[in-house]
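All remarks here apply to the structure that follows.
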Amino acid sequence: DAGVIQSPRHEVTEMGQEVTLRCKPISGHNSLFWYRQTMMRGLELLIYFNNNVPIDDSGMPEDRFSAKMPNASFSTLKIQPSEPRDSAVYFCASSFVQGNEQFFGPGTRLTVL
Amino acid sequence: SQQGEEDPQALSIQEGENATMNCSYKTSINNLQWYRQNSGRGLVHLILIRSNEREKHSGRLRVTLDTSKKSSSLLITASRAADTASYFCATDAADNFNKFYFGSGTKLNVKP
């Protein structure tokens, strides 16, 4: 298995632009998580899905952030408009059984100028 | 917040020595997990310990859990330079076992 796949790996954009991050979970996993990691705040859970349904989005910082999971093999995290404080590494993770180990993707390093 | 907190924040040891990292949390849990993150990479799951377990082993890793003190420790025995990484504990909440809170991590440096 290829593991969790994220794209792009690096994204540099200017303030105000729309940013879309993509994630392909491990086949057969039914939970998907989006995290953000910064030096100041550490690793924060933004949102998670079970069976493609958003369960908890309380970690999404603002309305500028939105996430979708149209099917079991694809999810997106969108930031519109982006701001410099959104600069971080965004991780996608998936798990097969609720509460068990999560498999992380390599992350997308986002820089908003 | 339920967020686990690791201690120490940084640890530097010589190859062959043992490394011990601690994690404290605030509310009741179902599971506690330890993850490793190499620089520039995603997190890798190391071990999961359930609230009714007190100790668990996996290779050179030994994890203990003391629910009365709301704390856990990760011991890496006979450390290697390749163990250099950041180590995170992740705790769930008793009422939501699918939502994990990660601590700020312990940065381990193993000198060859």
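The values are calculated or read from the model by the stated rules, or taken from the named source; none is laboratory data. Computed from a predicted structure; not experimentally measured. When we count neighbours, we look across all protein chains shown, and the Cβ atoms used for this are built from the backbone with ideal geometry, even at glycine.
The table that follows gives values for the structure above.
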| quantity | calculated |
| --- | --- |
| All strands (runs of 3 or more DSSP E) inside the range A:27-104 with 2 or more residues being more than 27 Å from B:THR106 (Cβ to Cβ) | A:42-50, A:53-56, A:65-71, A:74-79 |
| Residue match in the range B:77-93 (condition: surrounded by 12 or more Cβ atoms within 10 Å (Cβ to Cβ), part of a strand (DSSP E or B) and acidic (Asp, Glu)) | yes |
| Members of the range B:56-66 found to be under 21 Å from B:ASP83 (Cα atoms) and of a type outside the set (Val, Ile, Thr), listed by number | B:LYS56, B:HIS57, B:SER58, B:GLY59, B:ARG60, B:LEU61, B:ARG62 |
| Breaking point among (1) in contact with a Gly (Cβ under 8 Å, 6 or more places away or on another chain); (2) within 14 Å of another protein chain (Cβ to nearest Cβ); (3) modelled with pLDDT of 95 or more, for A:PRO81 | (2) |
| Residue in the range B:55-69 that is of a type in the set (Ser, Thr, Tyr), over 29 Å from A:HIS10 (Cα atoms), out of contact with any helix residue (DSSP H, G or I) (no Cβ under 9 Å at 6 or more places or on another chain) and touching a residue at least 24 places away in the same chain (Cβ under 8 Å) present | yes |
| Residue that is away from chain A (no Cβ under 14 Å) and polar (S, T, N, Q), where the choices are B:SER39, B:SER68, B:SER58, B:SER86 | B:SER68 |
| Within the range B:1-46, considering residues that are within 19 Å of A:LEU45 (Cα to Cα) and among the charged types (D, E, K, R), the one surrounded by the most Cβ atoms within 10 Å (Cβ to Cβ) | B:GLU6 |
| Checklist (1) surrounded by 15 or more Cβ atoms within 10 Å (Cβ to Cβ); (2) within 10 Å of chain B (Cβ to nearest Cβ) applied to A:ARG41, failing item | (1) |
| Complete set of residues in the range B:34-46 that are farther than 15 Å from B:SER71 by Cα and either without any contact (Cβ under 8 Å) to a residue 12 or more places away in the chain or part of a strand (DSSP E or B) (or both) | B:TYR35, B:ARG36, B:GLN37, B:GLY40, B:ARG41, B:GLY42, B:LEU43, B:VAL44, B:HIS45, B:LEU46 |
